[in-house]
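The structure appears below as structure tokens.
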Amino acid sequence: MTASLPRLLAALMLARRVKTGGVLMSQGKSRQRWGLAALAAFAFAFAFAQAGPAVAVDRCKDLKIGAPGDTGPAAEVPPFALPRDFGVTAAPAPAPGGLVAVAGNFPTGKVDNRVFTHPNINGVAYVLTWNQLEPQRGKIDWSTLDTVFADAALNHVWVQLVLVPGFDTPDWALQGVATACFPIPYGFGSGQKELLPMPWDEVYLHRWFIFLREVSVRYASNPALRMIAAAGPTSVSAEFTLPNWPPDLGPWIRLGFKPSRYIAAWSETLLVYRSLFPNQYLTLTLGGPLDIDEHGNIVSGEDIRTRKAMVAMAMGMLGPQLAIEMDNLDGAPKAGGTGYLISLNGQAVTGLQMRTGASDPSMGPPGDTPQQTLQLAIDNALQPNSDGKTLSYLEIYEGDFLNPAEQATLRSGALRFLPPQPPNPHVTTIPRTHF
């Protein structure tokens with residue numbers, strides 16, 4: 001082997017950033033189908049390592065862009081005027097409901113066509129990152145999304161669009177932006193240090209809003225676009241989470257985190273989404289903010305107070321246009337901490353997403369089969385709250401929809417979202433009543 005060790009390490013790091021075998025996964029989500037992905041990634045790394053001089057491994061040291069307090073170019077303001085009234089629009093129709101397939105495999109972004117034609121789904125939650133779509137400023141590659149929307153329209157399936165900035169912001173969009181180096185808190189690359197733009201940085205947010213405006217121009221009038229997940233003051237996914245391990249809290253205090261500052265960034269973000277996507281449901285994806293209070297003190301439970309304040313703000317701003325989602329469902333006996341989301345059933349459109357595929361051993365009791373784990377997760381998701389209200393939609397990973405052993409469980413789960421109907425022995429598929 002002629003390649004230098006530093007270059008091979010750099011290549012392996014790049015291969016790690018090529019997300020495969022699933023989509024951006026939520027807290028504690030595992031790598032599905034990692035065996036083949038790892039072989040492909042190593043092959044890529046080895047080939048990359050054979051050519052050219054050594055490169056640096058540490059992005060946080062290699063990319064010196066911005067510092068706490070940087071404001072960036074003052075001229076970088078979105079050319080569109082944002083409305084300042086907080087009136088509530090009418091709810092888009094119809095509301096999202098039923099089973100939804102989570103897709104967006106990396107690095108290709110392609111969805112298996114069998115997902116779109118699956119009889120038990122009503123929608124596809126499609127995940128893609130900003131740096132994949134716009135690696136160069138102003139040069140957006142629409143080809144993957146165009147294919148997704150064409151396939152969705154052809155098969156009468158609606159789309160929830162999940163576009164992710166944060167750690168996945170393109171390098172050009174970080175120039176002049178206040179950033180800090182944090183370990184990725186969960187999902188692919190967990191623990192690897194990467195640059196994160198400050199969630200309240202106006203230059204970062206405005207560049208993100210300009211990108212969203214282009215997305216709106218292209219897709220907001222597309223009837224297949226039923227929901228779009230709000231993001232911006234985020235890190236790993238559309239969840240409103242930030243790196244929050246105990247060693248992370250001190251740096252956040254020094255960087256100026258306050259709940260009010262974080263909520264204000266989200267208020268501006270939701271206003272932009274509402275302006276750009278008036279005909280879609282806007283998803284607020286629950287996460288755990290930081291245990292830091294207004295005075296810069298670490299206070300246990302402050303993250304819960306901030307989360308409830310975020311939900312109250314979103315309800316007031318978006319009204320019936322709001323969908324609230326949590327991406328941490330599993331087959332554990334205590335429902336994986338989803339009780340708060342379930343308590344909101346009936347107050348807004350609500351959805352739960354499994355934190356990874358049902359075949360992952362961490363998703364259910366030891367020894368359970370994927371279909372048993374999936375059944376437990378569906379049961380957890382569809383338990384009524386104290387008002388007797390149940391969930392609007394349930395998101396399950398693409399691999400589960402393609403697993404032959406799970407089809408009966410998926411069919412029975414889909415039926416639980418439909419109004420009671422007399423049995424028909426001739427019906428073999430589930431009608432898509434929510435499109």
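Read the figures in this text as sums done on the coordinates, not as results from a lab. No experiment lies behind these values; they were computed from the predicted model shown. Glycine gets a Cβ as well: all are built from the backbone with ideal geometry, and neighbour counts include every protein chain shown.
Listed values, structure above:
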item: Normalised alpha carbon radius of gyration of segment 69-415 [divisor 2.2 N^0.38 Å]; result: 0.96
item: Value in Å of the Kirkwood radius, where segment 214-269 supplies the Cα pairs that are averaged; result: 13.6 Å
item: Ranked D293, D168, criterion: other C-beta atoms within 10 Å, fewest first; result: D293, D168
item: Cα-only Debye scattering, segment 123-187: base-10 log of I(q)/I(0) at q = 0.15, 0.17, 0.20 Å⁻¹; result: -0.60, -0.72, -0.87
item: 5 angstrom amide H check on D291, placed H, neighbours 5+ away; result: D303
item: Debye intensity ratio I(q)/I(0), log10, segment 165-216, q values 0.14, 0.25, 0.30 Å⁻¹ (C-alpha model); result: -0.37, -0.94, -1.14
item: Amide H contacts of T129 (H built 1.01 Å from N, under 5 Å, at least 5 apart or other chain); result: V164
item: Segment 151-156 - phi-based ³J(HN,Hα) in whole Hz, Karplus 6.51/-1.76/1.60, Gly and Pro as x; result: 5, 5, 5, 4, 9, 6
item: Peptide ranges 206-213, 133-140 listed from the most packed, as the mean C-beta count within 10 angstrom indicates; result: 206-213, 133-140
item: Relative exposure of E239, E406, E214, judged by other C-beta atoms within 10 Å (fewest first); result: E214, E406, E239
item: Sequence-distant residues sharing a close amide H with T283 (under 5 Å, placed H); result: I228, A229, A230, A323
item: Ranking of W142, W245, W130 by count of other Cβ atoms within 10 Å, fewest first; result: W245, W142, W130
item: Principal axis dimensions, largest first and in whole angstrom, of segment 210-322 by Cα; result: 46, 25, 17
item: Mean projection area, nm², convex hull over Cα of segment 108-264; result: 10.1 nm²
item: Cβ-based net charge around Q375, under 14 Å, with every Lys or Arg adding one and every Asp or Glu removing one; result: -3
